Amino acid sequence: MSKKLLSAALGAAILGVGAHAASAATLDDVKAKGFVQCGVSQGIPGFSNPDDAGNWSGLDVDYCRGIAAAIFGDANAAKFTPLSSKDRFPALQSGEVDVLTRNTTWTISRDTSLGFNFRTVNYYDGQGFMVKKSLGVKSALELSGAAVCVQTGTTTELNVADYFKANGMEYKPVVFEKEADATGAYDAGRCDVYTTDQSGLYAIRLNLKNPDENMVLPEVISKEPLGPAVRQGDDQWFDLVTWVHYAMVNAEELGITSENVDDMKANGGPEIKRMLGAEEGSKIGADLGVSEDWAYNIIKLVGNYGEVFARNVGPDTPIKIERGINALWTKGGLQYGPPIR
Amino acid sequence: MGKKSMADHALGSVKPSSSGKVSLIYDPRARGIFYQVLTVFLVALFVFMVTQNTIHNLQKANIASGFGFLEGRAGFDIGQSLIEYSSDSTYADALLVGLLNTVQVAIAGVITASIIGFIIGLGRLSQNWLIAKICQVYVEIFRNIPPLLVIFFWYKGVLSILPNAKDSLELPFGMYLNNRGFAFPKIIPESGFGIAVAAFIIGIVASVIVSRWARQRQMQTGQQFPIGWTRLGLILGLPILVFVVLGAPVSFEYPELGRFNLRGGSNIGPEFISLYLALSFYTASFIAEIVRGGIKAVPKGQTEAANALGFRAGLTNRLVIIPQALRIIIPPLTSQYLNLTKNSSLAVAVGFSDVVAVGGTMLNQTGQAVEIVAIWLVIYLSISVSTALFMNWFNAKMALVER
Ligand SMILES: N[C@@H](CCC(=O)N[C@@H](CS)C(=O)NCC(=O)O)C(=O)O
């Protein structure tokens, strides 16, 4: 049978015989091997994408580098496993990756029956539709009868079923396992519509033969809070992964950047000093299971949330995404870091 | 002296079996039974431990388990379905849709691969140099390319470069070909259509009866009966006649251009077509070799003997060579059919919703890898075993009946 089947069976076997990985102290394992293994996408520009030399970059990749920086003081102590939408969950369940930093929507079933934990959202997204401009479609409500390319193993394929049903429209799903195959089929005219998270649409549009001949429709049909997932039953690791994001968000709020972090550490107010590990007798880092300068390392080596956003997907990148709801809560967005104290 | 006692004798040379009081430890039969029981016990223990361990670990990892999820609402749509299916159907329904799709492509593939395979296999034996070479090139090409590439060749190389729906290639009888697949009029039966179908069935039954009678008569009297024409007339002619007499009780729904696609009519998507063609062409190359080998394996003396008896070439082939060749061909043919069925799981690559693709989607949504992998195994095993049973039956029917 296919390779997929085999790998799934293998995953199941691993699960059966050696699932101790799920409850072991992941942080200890990671420290012992000297790097963190992150599950990422197989290539979504701006989020997780390898260049010609195999170097990964993107918002999700930087999250992973932030974890590495917090543990090892080295943002490069991170390795990446590209995973299709379908393969990502068995990979995390079986312990093939330590954490999934891969445009993954936080849903209740993933949080419960799949055995994962979510807490932070590093990108608030929603599902949209992309069509060829030449079709003359202006709204998703005109799409009845269309063929829709979609990737399997996603919330996308469920949302699209709900949306068309709710609006009494018909469609023909054409379901692919690999993003590249789905994109290729859309580009070749097999489908009228490509649907996925809006962030994905902007990224994928760049990979099309003629990006300018395609447009994203205005409707956003779902909530897609994208964030990292870890296995249940390992609170220490869960806490660490969580606070890496909050450290980046708090740093942005406090105006700490990779440029000024040394200065801030020496001369900042008590809140800043506490976060950056310059407070006398603080044991925040120790309680997290890492060194006291964990947050300092994240900001210094990777940057605050605003920097990471701007560098990977912001208006100055080819993807050109505005902060929108991903702005800080103080600026009308949803990004909010609980206090570090 | 029977075989068994001879073996006993040989083994018992240390302790003559005639004494009748061998210690059980030295009795080869008792030892054999002991080891078999032990093996069964160990395997059962292993399976039991793995199962326990899996359940335990799944619980520890808080991953849902059990088959209860099959009752749940699937929530996703499937592009190609032979039965009524919507996102409101259950996971079990979704699996059934996938299974039927697998079976459909497998059966279509097996039939087509056999036809192409026989033609190419016979072609390789042709006296005509050109035909033989062309067939050889066919075999060498398709046998040496991984089936996945053949699928992609059809999907990306041929079907996806067809025109879009607006500029579909128009074929006769309201059929269209475009990059969304092959569209053709849907046949809608009207009252009286059932009678024509009944005539078709009657024709088949009648032709079987007539064939029997004709064979018996030939056995007894030596007189031949134009059975081929009679069969054709009964199976095709009769229903067509009834159909025409009833005034063609069908109507057609023609595909028409909608806003996006051709609407109405029937449509076969490029996913199915590419998978079906690829599996057929790929497997046919192996079948061709099996057919060629089977025919070659019939000794030349058989042909000469038939010639000596005054059989014409056609009759020699039909009555002497092919029946003997079939006996050699059928067993390896079975493995090719099984291969084709299993290769159909490459469907995921082009987005055809076979049982692996649908199961994969379910696996992802429910996280129940162990259950779904188990279902896959059971399904493929059942398909393979049924194919093998059918082919064994066919083989037994074809096997040499010694008189
Ligand atoms: N957020 C959705 C969809 C995420 C998703 O997998 N999106 C696709 C399309 S943008 C993707 O990232 N594919 C990349 C890949 O499979 O490598 C989910 O979590 O289910």
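The values are calculated or read from the model by the stated rules, or taken from the named source; none is laboratory data. For clarity, every value in this text was computed on a predicted model and none was experimentally measured. Every residue, glycine as well, gets a Cβ built from its backbone with ideal geometry; the counts of neighbours run over all protein chains shown. Please note that ligands, DNA and RNA were not included when accessible areas were found on the heavy atoms of the full protein model with its side chains. Shrake-Rupley method; radii C 1.70, N 1.55, O 1.52, S 1.80 Å.
Here are some notes:
- Taking the criterion of being over 18 Å from A:A68 (Cα atoms) and aliphatic (A, V, I, L, M), the residues of segment A:276-310 that qualify are A:A278, A:A310.
- Boolean, A:A147 is at the interface with chain B (Cβ under 7 Å from one of its Cβ atoms), within 19 Å of B:A347 (Cβ to Cβ) and either more than 9 Å from the ligand (Cβ to nearest atom) or basic (K, R) (or both): yes
- Candidates B:V385, B:V358, B:V378 - the one that is β-branched (V, I, T), closer than 23 Å to B:L95 by Cα, surrounded by fewer than 23 Cβ atoms within 10 Å (Cβ to Cβ) and within 14 Å of chain A (Cβ to nearest Cβ): B:V378
- Which listed residue is among the β-branched types (V, I, T), more than 10 Å from every other protein chain (Cβ to nearest Cβ) and in contact with a Ser or Thr (Cβ under 9 Å, 6 or more places away or on another chain), from B:I119, B:I111, B:I63, B:I78: B:I111
- Matching residues in segment A:318-332 - criterion: being touching a residue at least 12 places away in the same chain (Cβ under 8 Å) and not in a helix (DSSP H, G or I): A:P318, A:I319, A:K320, A:I321, A:R323, A:L328
- Test for B:S65: is it of a type outside the set (V, I, T) and either at pLDDT 85 or above or farther than 30 Å from B:D354 by Cβ (or both): no
- Flag for A:K172 being in contact with a strand residue (DSSP E or B) (Cβ under 6 Å, 6 or more places away or on another chain), open to solvent by 30 Å² or more (accessible area, probe 1.4 Å) and within 14 Å of chain B (Cβ to nearest Cβ): yes
- Residue in segment A:230-268 that is nearest to A:G66 (Cα to Cα), counting only those that are within 14 Å of chain B (Cβ to nearest Cβ) and open to solvent by 10 Å² or more (accessible area, probe 1.4 Å): A:F238
- Whichever residue in segment A:119-144 is among the charged types (D, E, K, R) and more than 14 Å from every other protein chain (Cβ to nearest Cβ) and, among such residues, is farthest from A:M248 (Cα to Cα): A:K133
- Listed by first and then second residue, the pairs with beta-carbon distance under 7 Å, at least 6 apart or on different chains, first residue in segment A:203-225 and at negative phi and at pLDDT below 95, second open to solvent by less than 40 Å² (accessible area, probe 1.4 Å) and among the charged types (D, E, K, R), are A:L208/A:D187; A:K209/A:D187.
- The conditions of being free of Cβ contacts under 8 Å to residues at least 24 places away in the same chain, more than 18 Å from A:S134 (Cβ to Cβ) and more than 9 Å from chain B (Cβ to nearest Cβ) are not met by A:D197.
- Qualifying residue in segment A:205-222 (condition: within 11 Å of the ligand (Cβ to nearest atom), out of contact with any helix residue (DSSP H, G or I) (no Cβ under 9 Å at 6 or more places or on another chain), under 27 Å from A:P318 (Cβ atoms) and more than 14 Å from every other protein chain (Cβ to nearest Cβ)): no
- Condition check for A:S48: modelled with pLDDT under 95, touching an Asp or Glu at 6+ places or on another chain (Cβ under 8 Å) and within 12 Å of the ligand (Cβ to nearest atom): no
- Candidates A:A77, A:A91: the one that is closer than 17 Å to A:V61 by Cβ, touching a Ser or Thr at 6+ places or on another chain (Cβ under 7 Å) and in the same structural domain as A:N312 (by TED's automatic domain parsing) is A:A91.
- Among residues of segment A:146-167 that are open to solvent by 20 Å² or more (accessible area, probe 1.4 Å), those with a beta-carbon under 6 Å from a residue that is more than 8 Å from the ligand (Cβ to nearest atom) and modelled with pLDDT under 95 at least six positions away or on a different chain give the pairs A:Q151/A:F176; A:L158/B:G75; A:L158/B:F76.
- Among residues of segment A:103-134 being near the ligand (Cβ under 10 Å from one of its atoms) and closer than 19 Å to B:T366 by Cα, the one that is nearest to the chain's Cα centre (by Cα) is A:N103.
- Considering residues of segment A:73-102 that are of a type in the set (D, E, K, R) and away from every other protein chain (no Cβ under 11 Å) only, the residue farthest from the ligand (Cβ to nearest atom): A:D74
- Flag for A:V174 being of a type in the set (A, V, I, L, M), within 10 Å of the ligand (Cβ to nearest atom) and either in the same structural domain as A:S41 (by TED's automatic domain parsing) or part of a strand (DSSP E or B) (or both): no
- Consider segment A:54-72 and keep the residues that are open to solvent by 10 Å² or more (accessible area, probe 1.4 Å) and within 16 Å of the ligand (Cβ to nearest atom). The one that is farthest from the other protein chains (Cβ to nearest Cβ) is A:S57.
- Within segment B:316-342, the set of residues being surrounded by 17 or more Cβ atoms within 10 Å (Cβ to Cβ) and of a type in the set (S, T, Y) comprises B:T316, B:T334, B:Y337, B:T341.
- The helices (runs of 4 or more DSSP H) found wholly in segment A:198-305 and carrying at least 2 residues that are outside the structural domain of A:C149 (by TED's automatic domain parsing) occupy A:235-254, A:261-267, A:270-275, A:284-288, A:294-301.
- Criterion (part of a helix (DSSP H, G or I), within 14 Å of chain A (Cβ to nearest Cβ) and exposed (fewer than 13 other Cβ atoms within 10 Å of the Cβ)) met by exactly one of B:K156, B:K166: B:K166
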